[in-house]
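The values are calculated or read from the model by the stated rules, or taken from the named source; none is laboratory data. Everything numeric in this text was worked out from a predicted model, so none of it was measured. No Cβ is skipped: glycine too gets one built from the backbone with ideal geometry, and neighbour counts run over all protein chains shown.
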Amino acid sequence: MIAMQVYWILPNRDQRDDLLASDGQKVRPLREILDPKVRPVGFSHGVPAEILERCGPEAFGKILFAQKFPEWSDGKQLFCVSAPAGVDASGRVVHLGLLFILEPHERPRFELSCASLSEEDHFYATALLGRMTSHAPGDSWASSIRELIELPASSGPSTNVALHRPVVRFHSLYEAGPEGVIRKTGSWRLPLTAAIVLILAGLVGGLFSLRACERSLRAEVQTGVILWHFN
């Protein structure tokens, strides 16, 4: 079986034209690993601006944004986790990410070395790996990503938190709010609600059918159709 491919997407602190990526040893342009021509529509190599705006600067240390493309290319799936990683010289937020290229039934394993990264990037990379492997009960962002990993492929392209301005439609598990608070989206309650509505509709429809049968039976009795059987 082919092992998963995993790379660090490095923060663009110098605002260069090419984003860089590392497999833990060698650094090269991200486009050589993930050709722009085959990147899925809606793919983000960092935390979307709307998530940062919604949560506010005080919550940047909490934010983890993940995307899952279960049927990406040639039967492979794409999974990416990003986190804010400080700012560049101009004060613009930069991001550190983990990009996984996986087989259809493979799951991400957060085992990539960060020893070769710069001191600044190493700090954020260690923090990201620690959050994804520690299972801290109070880290709802990391928990939302673990739920995203377990989401069936039939859900299609998915994110751990909802985007309000998406380029394409994503299935989302949580909603992000001010100060980095996240909560389950209403979409998880829709199946139960829909089931209740269908049950009630069936009961009402059955009641109307029963009454219609009663009216029909009375009409037959009055016209002698039923009495003929007794005679």
Name, by its number, the condition in (1) of a type in the set (A, V, I, L, M); (2) crowded, with 16+ Cβ neighbours inside 10 Å; (3) closer than 15 Å to Asp121 by Cβ that does not hold for Val27.
(2)
Tally of residues being part of a loop (DSSP other than H, G, I, E, B) and either under 19 Å from the mean Cα position of the chain (by Cα) or modelled with pLDDT of 95 or more (or both) across region 35-53:
10
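Every residue, every condition in (1) at pLDDT 95 or above; (2) assigned by TED's automatic domain parsing to the domain that holds Ile145; (3) within 19 Å of Leu34 (Cα to Cα), yes or no:
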residue: Cys55; (1), (2), (3): yes, yes, no
residue: Ala59; (1), (2), (3): yes, yes, no
residue: Ile63; (1), (2), (3): yes, yes, no
residue: Ser82; (1), (2), (3): yes, yes, yes
residue: Ala89; (1), (2), (3): no, yes, no
residue: Val93; (1), (2), (3): yes, yes, no
residue: Leu96; (1), (2), (3): yes, yes, yes
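For (1) crowded, with 16+ Cβ neighbours inside 10 Å; (2) in contact with a Phe, Trp or Tyr (Cβ under 7 Å, 6 or more places away or on another chain); (3) under 19 Å from Asn160 (Cα atoms); (4) among the β-branched types (Val, Ile, Thr), each residue gets a yes or a no:
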| position | (1), (2), (3), (4) |
| --- | --- |
| Pro11 | yes, no, no, no |
| Val41 | no, no, yes, yes |
| Ile51 | yes, yes, yes, yes |
| Ala83 | yes, yes, yes, no |
